[in-house]
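Peer 1: Below you'll find the structure I mean.
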């Protein structure tokens, strides 16, 4: 039997991890600029958590979760998304009651879907959430933070769509109007939509079936049913985005695919990834904390797929910071081998951020220089027994046609700083 990765579970190879590191590093820096703190969550949770949070009448719970019994006969699931676990952790550890929290996490999620470009069965997400803040100011902050991340990554041509699902009376009023409309077209509904018609009719608007597109376009608008408080919240959000110079489109058909959303929902969309156009999505879930056993706590968040963002970065030719070694240390001779190790450690200590690869496994100078070139190093530092005795090193440029020079160890850090602009 040939051993290989399970379908939909992909390896990320070194050729691609530089983009991942750049993305995650940029996200970490952006979230810190807004005062968001990192939290690390388990990838396995009690299955009932997702049923209660995400909703039993959703594709995620009905069709996509990886669920199993452990040796203690407990029903467990690999997490399909991060928000349920974030809320569970907040309640369990007392982070949410009468407090404001700004949190973020990232890591693998799992859904049994048909694998395609940008959509895998194990995928990775950035997830950002704020708790204890009810006003539209934090909604605007959330969206502005995502816009700043796109700018930092160099991404272009993303369209922001926003909507409000309202709360309380809005949901009941709109649900009745939507059910009445859908029943007029019941003979044209697909099987999933017919089933959702009684259990959760808003999910019909989230249908990905092409046959449902015309029916969805003709559905009544939730914005016509907003209660006054939700209308004011949505108006202030729009004004806040205009104040920040963030362009947006109001899409009254935008509902999102999970049951816990209320009021604000939004998506960032690209036309450059085919069917997988949504690169970031989120919204408010003001009832979820209470629904899972905590005190009433307003909340909002968004998630963005790392694989999809990396794919978009590649499509748009985004420049990824070079992660190749700055220098590769070549050594020939027993004395040189011992000295090379000390030299490499000394350089790492002297120049913060310097990437140094020390040749391992011996080899003639020609083969060591070939390794240095394949590694992408800017310079080779060549050390023989004579150079080691003199505490000097030959500096050879691998990317520019410049003369090879001998530099004393004591002067090497300054010489490399100047050449590498560190």
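The values are calculated or read from the model by the stated rules, or taken from the named source; none is laboratory data. Treat the numbers as computed from the prediction; the structure is a model and nothing was measured. FYI the Cβ positions are ideal-geometry reconstructions off the backbone, even for glycines, and counts take in every protein chain you see.
Peer 1: Can we say residue 46 is over 17 Å from residue 304 (Cα atoms) and more than 20 Å from the chain's Cα centre (by Cα)? Walk me through it before giving the result.
Peer 2: On the way: over 17 Å from residue 304 (Cα atoms): yes; more than 20 Å from the chain's Cα centre (by Cα): yes.
So residue 46 passes the test.
Peer 1: Sticking with this one: Could you please give the count of residues in the range 2-57 that are at pLDDT below 95 and at positive phi?
Peer 2: Number satisfying all stated conditions: 2.
Peer 1: Quick one: which residue in 334, 349 is modelled with pLDDT of 95 or more, surrounded by fewer than 18 Cβ atoms within 10 Å (Cβ to Cβ) and over 29 Å from the mean Cα position of the chain (by Cα)?
Peer 2: On the way: 334 fails: modelled with pLDDT of 95 or more.
Just one listed residue meets the conditions, 349.
Peer 1: Now a separate question. Just for the range 200-223: of the residues that are touching a residue at least 40 places away in the same chain (Cβ under 8 Å) and not in a helix (DSSP H, G or I), which one is nearest to the chain's Cα centre (by Cα)? I'd like the intermediate steps shown before the answer.
Peer 2: Quick first cut of the range 200-223, residues touching a residue at least 40 places away in the same chain (Cβ under 8 Å) only: 200, 202-203, 205-206, 219-220, 222-223.
If we keep only those that are not in a helix (DSSP H, G or I) too, we end up with 200, 219-220.
Values: 200: 29, 219: 32, 220: 33 Å.
Ranking the qualifying residues of the range 200-223, first place goes to 200.
Peer 1: Looking only at the range 209-218, how many residues end up being touching a helix residue (DSSP H, G or I) at 6+ places or on another chain (Cβ under 9 Å) and surrounded by fewer than 19 Cβ atoms within 10 Å (Cβ to Cβ)? Lay out the reasoning, then the answer.
Peer 2: Residues of the range 209-218 touching a helix residue (DSSP H, G or I) at 6+ places or on another chain (Cβ under 9 Å): 209, 211-212, 214-216, 218.
Add one more test, that the residue is surrounded by fewer than 19 Cβ atoms within 10 Å (Cβ to Cβ), and what stays is 209, 211, 214, 216, 218.
Of the residues in the range 209-218, 5 are touching a helix residue (DSSP H, G or I) at 6+ places or on another chain (Cβ under 9 Å) and surrounded by fewer than 19 Cβ atoms within 10 Å (Cβ to Cβ).
Peer 1: Now a separate question. Given the options 237, 226, name the one that is closer than 29 Å to residue 296 by Cβ, under 25 Å from the mean Cα position of the chain (by Cα) and at pLDDT 90 or above.
Peer 2: Selected residue: 237, the only one of 237, 226 that is closer than 29 Å to residue 296 by Cβ, under 25 Å from the mean Cα position of the chain (by Cα) and at pLDDT 90 or above.
Peer 1: State all residues of the range 153-178 that are farther than 30 Å from residue 315 by Cβ and surrounded by 14 or more Cβ atoms within 10 Å (Cβ to Cβ); if no residue qualifies, say none.
Peer 2: Here is the first cut: in the range 153-178, the ones farther than 30 Å from residue 315 by Cβ are 164-178.
Selection gives 164, 165, 166, 167, 169, 170, 171, 173, 174, 175, 177, 178.
Peer 1: Could you check, for the range 56-67, whether at least one of its residues is under 22 Å from residue 298 (Cβ atoms) and in contact (Cβ under 8 Å) with a residue 12 or more places away in the chain? Write out each step before concluding.
Peer 2: Taking the range 56-67 and keeping what is under 22 Å from residue 298 (Cβ atoms), we get none.
Within the range 56-67, not a single residue is under 22 Å from residue 298 (Cβ atoms) and in contact (Cβ under 8 Å) with a residue 12 or more places away in the chain.
Peer 1: Let me ask something else about it. Anything in the range 332-354 that is under 17 Å from residue 392 (Cβ atoms) and touching a residue at least 60 places away in the same chain (Cβ under 8 Å)? List them, or say none.
Peer 2: If we filter the range 332-354 for residues that are under 17 Å from residue 392 (Cβ atoms), which is where we start, we get 332-333, 335-344, 346-347, 350.
Of everything in the range 332-354, those that are under 17 Å from residue 392 (Cβ atoms) and touching a residue at least 60 places away in the same chain (Cβ under 8 Å) turn out to be 343, 346, 347, 350.
Peer 1: Show me the helices (runs of 4 or more DSSP H) entirely contained within the range 324-391 in which 1 or more residues are in contact with a helix residue (DSSP H, G or I) (Cβ under 9 Å, 6 or more places away or on another chain). Before the answer, list the steps.
Peer 2: Values: elements: 334-350, 365-375, 385-390.
Those helices (runs of 4 or more DSSP H) span 334-350, 385-390.
Peer 1: While we're on this one: Which ones in the range 273-293 are over 22 Å from the mean Cα position of the chain (by Cα) and part of a loop (DSSP other than H, G, I, E, B)?
Peer 2: 286, 287, 292, 293
Peer 1: Oh, and also: In this structure, is residue 376 under 24 Å from residue 18 (Cβ atoms), out of contact with any strand residue (DSSP E or B) (no Cβ under 6 Å at 6 or more places or on another chain) and in the same structural domain as residue 340 (by TED's automatic domain parsing)? Lay out the reasoning, then the answer.
Peer 2: Numbers: under 24 Å from residue 18 (Cβ atoms): yes; out of contact with any strand residue (DSSP E or B) (no Cβ under 6 Å at 6 or more places or on another chain): yes; in the same structural domain as residue 340 (by TED's automatic domain parsing): yes.
It is true that residue 376 is under 24 Å from residue 18 (Cβ atoms), out of contact with any strand residue (DSSP E or B) (no Cβ under 6 Å at 6 or more places or on another chain) and in the same structural domain as residue 340 (by TED's automatic domain parsing).
Peer 1: Here's something else I'd like to know. Residues that are surrounded by 14 or more Cβ atoms within 10 Å (Cβ to Cβ): which strands (runs of 3 or more DSSP E) entirely in the range 1-86 hold 2 or more of them?
Peer 2: Details: elements: 44-46, 67-69, 75-78.
So the answer is 44-46, 75-78.
Peer 1: Residue check: is residue 126 more than 26 Å from residue 164 (Cβ to Cβ) and either assigned by TED's automatic domain parsing to the domain that holds residue 270 or touching a residue at least 60 places away in the same chain (Cβ under 8 Å) (or both)?
Peer 2: On the way: more than 26 Å from residue 164 (Cβ to Cβ): no; either assigned by TED's automatic domain parsing to the domain that holds residue 270 or touching a residue at least 60 places away in the same chain (Cβ under 8 Å) (or both): yes.
No; evaluated as a whole, the condition is false for this residue.
Peer 1: How do the pairs read when you match residues in the range 265-287 that are at positive phi with residues anywhere that are part of a loop (DSSP other than H, G, I, E, B) and buried (at least 18 other Cβ atoms within 10 Å of the Cβ), using Cβ under 7 Å and keeping only pairs 6 or more apart or on different chains?
Peer 2: Correct list of pairs: 283/256; 283/261.
Peer 1: Enumerate the pairs (first residue in the range 140-155 and over 13 Å from residue 241 (Cα atoms); second residue anywhere and modelled with pLDDT of 95 or more and surrounded by fewer than 21 Cβ atoms within 10 Å (Cβ to Cβ)) with beta-carbon separation below 6 Å, excluding pairs fewer than 6 apart on the same chain, so at least 6 apart or on different chains.
Peer 2: 150/158; 152/26; 153/26
Peer 1: Specify the residue that is surrounded by the most Cβ atoms within 10 Å (Cβ to Cβ); the eligible residues are those in the range 87-102 that are in contact with a helix residue (DSSP H, G or I) (Cβ under 8 Å, 6 or more places away or on another chain) and part of a helix (DSSP H, G or I).
Peer 2: 87
Peer 1: Looking only at the range 291-331, how many residues end up being without any contact (Cβ under 8 Å) to a residue 12 or more places away in the chain and over 30 Å from residue 135 (Cα atoms)?
Peer 2: Taking the range 291-331 first, the residues without any contact (Cβ under 8 Å) to a residue 12 or more places away in the chain are 296, 317.
In the following step, the residues that additionally are over 30 Å from residue 135 (Cα atoms) were identified as 317.
Residues that pass the stated criteria total 1.
Peer 1: Going through the range 256-272 one residue at a time, which ones are surrounded by 18 or more Cβ atoms within 10 Å (Cβ to Cβ), part of a loop (DSSP other than H, G, I, E, B) and at pLDDT 80 or above?
Peer 2: The answer is 261, 270.
Peer 1: What is the residue count in the range 83-107 for residues that are over 17 Å from residue 281 (Cα atoms) and modelled with pLDDT of 95 or more?
Peer 2: Of the range 83-107, the ones over 17 Å from residue 281 (Cα atoms) are 85, 87-102.
From the residues that got through so far, the ones that are modelled with pLDDT of 95 or more too are 85, 87-96, 99-102.
Result for the range 83-107: 15.
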